[in-house]
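Visitor: Dropping the structure in here first, questions after.
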Amino acid sequence: MDPITKILSEKVSAAFEKCGYDPALGNVTASDRPDICQFQCNGAFAAAKAYRKPPFVIADDVAAVLSADKDTFKEAVSVKPGFINLILSDEYISSLIRSIDSDEHCGIPQAEKPLTIVIDYGGPNTAKPLHIGHLRSAIIGESLKRLARACGHKAYGDIHLGDWGLQNGLVIAELSERFPDEKCFSDSFDPEKDHAPELTPELLGEVYPFASAKSKENEEFLAKAHAALIKLHNGHKGYTALWKQILKVSVGDLKEIYKCLNVDFDFWYGESDAAAYNDRLYKILEEKGLSHESDGALVCDVSLESDKSPVPPIIVRKSDGSDIYATWDLSAIIQRQEDLSPDCIWYVVDNRQELHFTQVFRCSRAAGLVPESTELKFLGFGTMNGSDGKPYKTRSGGVMRLSELIKTVTDAALERLAESDKVDPADREEYARRLGMAAIKFGDLINHRSKDYIFDLDKFMSAEGKTGIYLLYTISRINSILKRAGDAPSELCGVYTDCERDLMLRLIMTGDAYTLAMNEKAPNYVCENAYQTAVLFSRFYHECRIIDETDEKKRAHWLALCRLVRKSLLTALDILGIEAVENM
Ligand code: ARG
């Protein structure tokens, strides 16, 4: 289904044309004054300039044509100085609602030309704990993937695992000091018969922070870690076997956390997979004359005369011969182009990495790694702050681990559920996970992704206001109404009350919210629309006694409306990556 503003714009454009004006003037938007009308068109102002007439004369002409369409408009009036205000007829509202109800996409406008989109999000690093900086990438990226799919695109999530960086050298160097006799540290390691030691999550969790701290005070150790990393990159067999252990333990841990977050990836490619394309990258850069030596490193100039702040050259190989972060991002583009020829590659990464992506995109454009038409887009996000407005920390002031945050949130949810007699004790843990995730995900996604926001657990967990909990609560309320109604008839027919009309109009405008979210790649519009739907539903629920209604037709209509609202909210939550609960 097309969004309502598009459907109405076509009608109003036809009216402009009929009156002898350019149809492009007939653009309709939701009303700025919902107290006066539902939709509006301001095209008469632009027409006034082009046709040298007062705008209200044009608006009068067009409104007269629209008024004749009684099936669509209850009112189409021109208001001085030249607005065209529109109110839909109840019959039309009702027919739109029935179309949404029978639409397999629940009224979400489908792309005319479906695109193949790779979304690079998550970006956790092996051997290192996930911190809350990774939370936003996971939440926003997952939601954008689901949104794109819901709009008919082919979207793939790629985690771009940080598995090839210095953390590996640090862990290998540290383990080699602790377990010098292990075969994997010798050059005679034979993968056919030798094994690297089994690592445990506990050991790995302890070794990395230890080695990282050590490298900051001990230059010799740092040099050792660098040397170990280079050996790993060059295919040292024993180090490779140990690295595979690190990968296995880390990925095991990560999969559990992402499962809890209801986040999943089509591809678990890492920097190490991209690195397999490095030679091709170097060759292309050299052949095109883009790379040159600078202080022993290999770099490409990517600055432009128009740059307002300096964009330094991108380093693709360091002076010690090793490849780095930027190299893998460029190589990953070659890999993605070869595997999927995507129309778009979106990067959901912290705002602070914007310069890096500017360099990467410019370099890959110059090198022609993707066709001109391929969109390479940095979708930066802001910081999650504490109540002091500074990046969120643990009570002792350290960086908060994601697993710790998840535990804090689910504990709060468990506490709340302990008071509820509606939830079976056997379901409590799973419910607590869902509530907790709904709280943090909605609390995050309701903000435009590019903005910073304050993590406020009490606010996020509240059953009132713009929260995930409020939405789950609304759905649970609808569930209990429908349960009480049993198999009573339900059928959408007509419009009986004002509050119900407002609710139906919100459902009708939902398609526009999805279009906006998709165009801006910003799930907050989906959140806002779902919240507004829930608010209008609550009003409808309080004003209309659904179950006790004796007029059979009215009751059937209201029950059907409850069903449709539930479907619409569940669809929105699913796109946000939030799982609902039956009752709470
Ligand atoms: N691993 C990186 C980090 O922790 C994020 C990766 C972002 N994605 C990318 N293609 N560079 O900062």
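Visitor: Say each of residue 294 and residue 408 gets a label point 7 Å from the Cα, pointing the same way as Cα to Cβ; how far apart are those two points in nm?
Guide: So the two model labels end up 4.1 nm from each other.
Visitor: For residue 433, tell me the accessible area in Å² from a 1.4 Å probe, rounded to the nearest 10.
Guide: Spelled out: residue 433, probe radius 1.4 Å, area about 40 Å².
Visitor: Quick check: the distance between the Cα centres of the range 97-121 and the range 249-326, to the nearest angstrom?
Guide: After rounding, the separation between the Cα centres reads 33 Å.
Visitor: Here is a follow-up. Using the beta-carbon distance between residue 338 and residue 227 and R0 = 45 Å, what value does 1/(1 + (r/R0)^6) give for FRET efficiency, to the nearest 0.05?
Guide: Working: r = 32 Å, r/R0 = 0.71.
About 0.90, to the nearest 0.05.
Visitor: I would also like to ask the following. Could you list the residues of the range 178-198 with an amide nitrogen less than 20 Å from a label point located 7 Å from the Cα of residue 244 in the Cα-to-C-beta direction?
Guide: Zone members listed by number: 182-198.
Visitor: Can I ask one more? Which lysines, if any, have their Cα less than 20 Å from the Cα of residue 483, not counting same-chain residues under 8 positions apart?
Guide: Once the sequence-local lysines are set aside, what remains near residue 483 is 422, 553, 554, 567.
Visitor: Which of 331, 345, 357 sits farthest toward the positive end of the charge dipole of the range 309-366, with +1 on the Cβ of Lys and Arg and -1 on the Cβ of Asp and Glu?
Guide: It is 357.
Visitor: I've got another one for you. So if the hydrodynamic radius of the chain is defined as the Kirkwood radius over C-alpha pairs, what does Stokes-Einstein give as its diffusion coefficient at 20 °C and 1.002 mPa s, in µm² per second?
Guide: For the chosen part, D equals 78 µm²/s.
Visitor: A further question on this structure: Keeping every protein chain in place, order 251, 57 by accessible area at 1.4 Å, biggest value first, i.e. largest first.
Guide: 57, 251
Visitor: Fully extended, how many nm does the chain gain between residue 427 and residue 498 (0.36 nm per residue separation, minus their Cα-Cα distance)?
Guide: Here the answer is 21.7 nm.
Visitor: Now a separate question. Could you name the lysines whose alpha carbon sits less than 17 Å from that of residue 248, not counting residues in the same chain fewer than 8 places away?
Guide: Counting by Cα, and skipping residues close in sequence, residue 248 has these lysines nearby: 128, 237, 259.
Visitor: Here's another thing I want to ask about it. Given charges of +1 on the Cβ of Lys and Arg and -1 on the Cβ of Asp and Glu, with all other atoms neutral, how large is the dipole of the range 515-584 about its Cα centre, in debye to the nearest 20?
Guide: 160
Visitor: Provide the gained length on full extension for the span residue 457 to residue 377, in nm with one decimal, where the gain is 0.36 nm per separating residue minus the Cα-Cα distance.
Guide: Going from the current span to full extension adds 25.6 nm.
Visitor: Relative to the longest principal Cα axis of the chain, at what angle does helix 468-485 sit, 0 to 90 degrees, rounded to 10?
Guide: 50
Visitor: With a 1.4 Å probe and all protein chains left in place, how much accessible area per residue does the range 40-99 have, in Å²?
Guide: Normalised by residue count, the accessible surface of the range 40-99 is 48 Å².
Visitor: Calculate what fraction, in whole %, of the accessible area of the chain sits on carbon and sulfur atoms when a 1.4 Å probe is rolled over the protein chains.
Guide: Reported share for carbon and sulfur atoms: 50 percent.
Visitor: Given a 1.4 angstrom probe, what's the average accessible area per residue across the range 432-494, in square angstrom?
Guide: So the range 432-494 comes to 40 Å² accessible per residue, rounded to a whole number.
Visitor: Here's another thing I want to ask about it. At 222 nm, what value in deg cm²/dmol follows for the chain if DSSP H runs of at least 4 each add -39500 (n - 2.57) and the sum is divided by all its residues, to the nearest 500?
Guide: Helices in the chain give a 222 nm mean residue ellipticity of -17500 deg cm²/dmol.
Visitor: For the cross-link pairs 18/49; 145/407; 318/377; 283/521; 145/441, which exceed 24 Å when the distance is taken from alpha carbon to alpha carbon?
Guide: 145/407; 318/377; 283/521
Visitor: For the range 175-221 and the range 437-496, compute the distance between their C-alpha centroids and round to whole Å.
Guide: 48
Visitor: Mind giving me the nanometre distance, one decimal, between the label points for residue 450 and residue 551, set 7 Å out from Cα along Cα→Cβ?
Guide: 4.8
Visitor: Here's a follow-up. For residue 381, what is the net charge nearby, where nearby means another residue's Cβ is under 12 Å from its Cβ and Lys, Arg count +1, Asp, Glu -1?
Guide: +1
Visitor: When the Debye formula is applied to the Cα atoms of the range 435-502, each taken as the same point scatterer, what base-10 log of I(q)/I(0) results at q = 0.13 Å⁻¹?
Guide: -0.56
Visitor: Whole-Å semi-axes of the range 198-267's equivalent ellipsoid, largest first, each the root of 5 times a Cα gyration tensor eigenvalue?
Guide: Equivalent ellipsoid of the range 198-267: 26, 16, 11 Å, largest first.
Visitor: Hey, what's the range 235-284 come to in accessible area per residue, 1.4 Å probe, Å²?
Guide: Numbers: 2360 Å² over 50 residues.
Result: 47 Å² per residue.
Visitor: Follow-up question, since we're still on this one. For the range 360-420, what mean projected area does the convex hull of the alpha carbons give, in nm²? All intermediate terms of the calculation are to be shown ahead of the outcome.
Guide: Details: hull surface 32.7 nm².
Computing the convex hull of the Cα atoms and averaging its projections yields 8.2 nm².
Visitor: So, counting K/R as plus one and D/E as minus one, what does the shell of residues with Cβ under 10 Å around residue 348 add up to?
Guide: Local charge sum for residue 348: +2.
Visitor: Determine by what factor the alpha-carbon radius of gyration of the range 7-160 differs from 2.2 N^0.38 Å, reporting the quotient.
Guide: Cα Rg divided by the expected 2.2 N^0.38 Å: 1.49.
Visitor: Could you tell me how many degrees, from 0 to 90 and to the nearest 10, lie between the Cα long axis of helix 132-150 and the main elongation axis, the longest principal axis, of the Cα atoms of the chain?
Guide: Value to nearest ten degrees: 50.
Visitor: Place a point 7 Å from Cα of residue 110 in the direction of its Cβ. Which residues in the range 1-44 have their backbone N less than 11 Å from it?
Guide: 1-2
Visitor: What FRET efficiency, computed as 1/(1 + (r/R0)^6) with R0 = 25 Å and r the Cβ-Cβ distance, is obtained for residue 516 and residue 35, rounded to the nearest 0.05?
Guide: Approximately 0.65, to the nearest 0.05.
Visitor: Once you place label points 7 Å from the Cα toward the Cβ at residue 154 and residue 260, how far apart are they in nm?
Guide: That separation, rounded to one decimal, is 3.5 nm.
Visitor: Any idea what the dipole of the chain comes to, in debye rounded to 20, about its Cα centre with Lys/Arg Cβ at +1 and Asp/Glu Cβ at -1?
Guide: Values: 70 positive and 90 negative charges, 221 e Å.
Dipole about the Cα centre, nearest 20: 1060 debye.
Visitor: Still on this model: State, as an integer percentage, the relative contact order of the chain based on alpha-carbon contacts under 8 Å between residues 6 or more apart.
Guide: Taking the mean separation of contacting Cα pairs over the length of the chain, I get 15 percent.
Visitor: For residue 53, give me every one of the aspartates and glutamates with a C-alpha distance below 15 angstrom, ignoring sequence neighbours fewer than eight places off in its own chain.
Guide: Here the aspartates and glutamates satisfying the reach criterion relative to residue 53 are 22, 61.
Visitor: Please report how far the C-alpha centroid of the range 527-545 lies from that of the range 8-57, rounded to the nearest whole angstrom.
Guide: 31
Visitor: Further, regarding this structure: Among 44, 272, 297, flag the residue with its Cα farthest along the positive direction of the charge dipole of the chain, charges on Cβ as +1 for Lys/Arg and -1 for Asp/Glu.
Guide: Toward the positive end, the furthest listed residue is 44.
Visitor: Hey, if we sort 427, 35 by accessible area with the 1.4 Å probe, largest down, what's the order? Before the final figure, lay out the partial values.
Guide: Numbers: 427 65, 35 115 Å².
Largest accessible area first, the list is 35, 427.
The values are calculated or read from the model by the stated rules, or taken from the named source; none is laboratory data. All values reported here derive from a predicted model rather than from experimental measurement. With ideal geometry, Cβ positions are generated from the backbone for all residues, glycine too; neighbour counts draw on all protein chains shown. Accessible surface is based on the protein model in full, side chains and every heavy atom, while ligands, DNA and RNA are left aside. Shrake-Rupley method; radii C 1.70, N 1.55, O 1.52, S 1.80 Å.
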